[in-house]
Each structure stands twice: as structure tokens, then as C-alpha cells.
Amino acid sequence: MRLLFCGVRGSTPAPGAEFARVGGHTSCVALAHDDQPWTLLLDAGTGIRRVTGMVDGAFRGSLLLTHLHWDHVQGLPFFAAGDRDDAHVHVHMPEQVDADGQVRDAAEVLALAMSPPHFPIGPDGLRGDWTFSGLGPGTHVIEGFDVVAFEVPHKGGRTFGYRISDGDTSIAYIPDHLPNEATNPAIAQTCAGVDVLVHDSQFLEPERAVADLYGHATVDDALELAASAGARRLALFHHSPARADDDVESIGRNLARAAADRGVEVFVACEEDVIDLAATHRA
Ligand SMILES: [Zn+2]
Ligand SMILES: [Zn+2]
């Protein structure tokens, strides 16, 4: 499996020279089976615009959304490779249930944020063959990948994390996460032994009060989960849009030192970075 970081910021894009090395787009990660085309996209933040330049013509594949906050969906109508007549896109999102226990239509839920007067078109205005469906927790096969969807504590809407495997290599993707002692053990177990854990790293320990308020993790939480899951590598992801490159990189170096004796290799997820998981797989 190959992984491409298309957008690594949380909350809102961070344009400007001081953010250029790490990258300013919001959350989006592309996955491919080895040397095959990119067919599985995790979240549709503004980073999804990068995918258009990475595919040959129209996109044919699936989008797997962790939740529906702006920084994970706002790139969707700007995904040119998906918004064309010959595109085939299947959008999966955590299933939403209304107060009466009725499952809500996925496209209608998405349209709450993407439709006039908030935006010129709704999901049905995208060109090509688009399908929207709700996903429950558990095991699914999507684009030939084994996907385990699991509930993640966050704030303001149902949020999933995903463990994704191609049979040889595996990643876990948890971009938005407010860890707690009740749910940590099960999440660590679901992520056990992954090659790369891509995790919420928006805040630092002195910012704990804000992290709690907004439903996010600190980098120490991320390391704790990676270590207890036995993840080989931890990708610091969903960086604060206020954090310039120097600061993000220094956070990465400090955490890498702290992680060395925990058996976890820490790195900063940067836009445009490609990881060939087969090449770095634990023997
Ligand atoms: Zn987010
Ligand atoms: Zn969120």
C-alpha cells in the first residue's frame, strides 16, 4: 500500500510562506494498492484538490469521511477529477441517526452544509456518478482494502477512525480525537500493530484545556496511543493552522526523542509526502 498526504492541517487552511514546508491544506490522505492508481481517499478537506493532479483523468474510487466538520469536507466540491462526467465516486460517511432512531439519508446530511445559501450547489450538483452512503462501525471492504470503522470520541457529531489494511501492510487514521480512559484500550486494540498511525496532533500539553474544549488530542496523547497500540510509526497530523513550519518541526523533533525508548518512530506528516508501506513494513 502507498499513502500520500494531500492535506495535513486541522480546522482551516493555512496559506503563506511560513506554512509552506508542512503544507496548508486541510485533511486528506490518498491510498493506493502498491503501484496502482489512488482509489481510496480519507477525508475531503481542501487537500483533495491535490488528488486531481495525481490521477489520470477522472477519479474512480471511494471517499471515506471520518466526520462532517468543515476541514474534512470543504474540498469536496473543488475536487475537479471527481466533478466530471466520467467520474465514479462513492462517498462513505458515519451513519447518522435522527432523534426517532431513523437512519438519515447521507446525501441529505451532507447537503446541510453544502447547498444554497451556504454553497451554490448541493451534492446532487456534482457531475459524474456519485453515490453517498452511511457506514456503521465494523469491518468493510472498500476499493479492495479491509477497512475497520470504529467510534472515536471528538466533539460535535459522530466521528469514526479507520484501520485500513491491504493484507500485508496497515495504517490507522484518527485525525480528530479527544482520548479518554474509557475508550483508549479498545481503540489501541483496534489499531494494534499498524505500520503507521496517522493521528490528531493539533495541541501540546500546555494547551490541554483548549484541546479538551475543541475535542482534540495533544501530541503526548498521540504518542501514548501509538505506544500502547504497538504502532511502528506515528505520523503527527491535523496540525494547528496557527503553527508555522519551524514550530511543527520542533514539536516533531521533541516528540521523536520522547518516543525513542517507547519503540515508536515519530514523524511530521507533510503535504506531498508519499509513504511506501511495503518498503517500511516490519519484517
Ligand atoms: Zn478536523
Ligand atoms: Zn472535527
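The values are calculated or read from the model by the stated rules, or taken from the named source; none is laboratory data. From a predicted model like this one, the values you see are computed outputs, not experimental measurements. Every residue, glycine among them, receives a Cβ derived from its backbone with ideal geometry; neighbour counts consider all protein chains shown. Please note that ligands, DNA and RNA were not included when accessible areas were found on the heavy atoms of the full protein model with its side chains. Shrake-Rupley method; radii C 1.70, N 1.55, O 1.52, S 1.80 Å.
At q = 0.13, 0.14, 0.16, 0.17 Å⁻¹, what is the base-10 log of I(q)/I(0) for the chain according to the Debye formula with one equal point scatterer per Cα and no solvent? Please give it to two decimals. At q = 0.13, 0.14, 0.16, 0.17 Å⁻¹ the computed log10 ratios are -0.82, -0.97, -1.30, -1.48.
Measuring from each cysteine beta-carbon in the chain, the ones with no other cysteine beta-carbon under 4.7 angstrom are C191, C270.
Length available on full extension from E18 to T139: 0.36 nm per residue minus the Cα-Cα distance, which gives 39.5 nm.
Taken about its Cα centre, the chain carries a charge dipole of roughly 180 debye when the Cβ of each Lys and Arg holds +1 and the Cβ of each Asp and Glu holds -1. For the chain, DSSP calls about 45 percent of its internal beta bridges antiparallel. Hey, how many Å between the Cα centroid of the stretch 250-273 and the Cα centroid of the stretch 76-135? Distance between centres, Cα-based: 35 Å. Placing unit charges on the Cβ atoms of the charged side chains and taking the dipole of the chain about its Cα centre, the candidate lying farthest along the positive direction among L110, G128, I251 is I251. Its Cα centre serving as origin, the stretch 191-283 has a Cβ charge dipole (Lys and Arg +1, Asp and Glu -1) of approximately 380 debye. Subtracting the Cα-Cα distance of H281 and D85 from 0.36 nm times their residue separation leaves 66.7 nm of extension gain.
Given an 8 Å cut-off on Cα distances and at least 6 residues of separation, report the relative contact order of the chain as a percent.
In percent, rounded to a whole number, it is 19.
Binning the C-alpha pair distances of the stretch 227-279 at 10 Å intervals from 0 yields a P(r) profile of 22, 50, 27, 1 %, listed from the shortest bin outward.
In terms of accessible area, using a 1.4 Å probe and ignoring ligands and nucleic acids, E151, E271 rank largest first as E151, E271. Split the accessible area of the chain by element, probe 1.4 Å, and carbon with sulfur accounts for 51%. Taking only the alpha carbons of the stretch 143-283, we obtain Rg and Dmax values of 14.3, 42 Å in that order.
Considering only DSSP beta bridges with both partners in the stretch 136-234, what is the antiparallel share in %, to the nearest 5?
70 percent
The residues of the chain expose, per residue, 42 Å² of accessible area to a 1.4 Å probe. Based on the Kirkwood radius over alpha-carbon pairs, what value in µm²/s does the Stokes-Einstein equation return for the translational diffusion coefficient of the stretch 1-42 at 4 °C and 1.567 mPa s? My calculation gives 117 µm²/s for D.
Against the chain, whose longest principal axis comes from its Cα atoms, helix 219-229 is set at around 90 degrees. Placing +1 on the Cβ of every Lys and Arg and -1 on the Cβ of every Asp and Glu, with nothing else charged, gives the stretch 48-201 a dipole about its Cα centre of roughly 300 debye. The length gained on full extension between D246 and D34, counted as 0.36 nm times the residue separation minus their Cα-Cα distance, comes to 73.1 nm.
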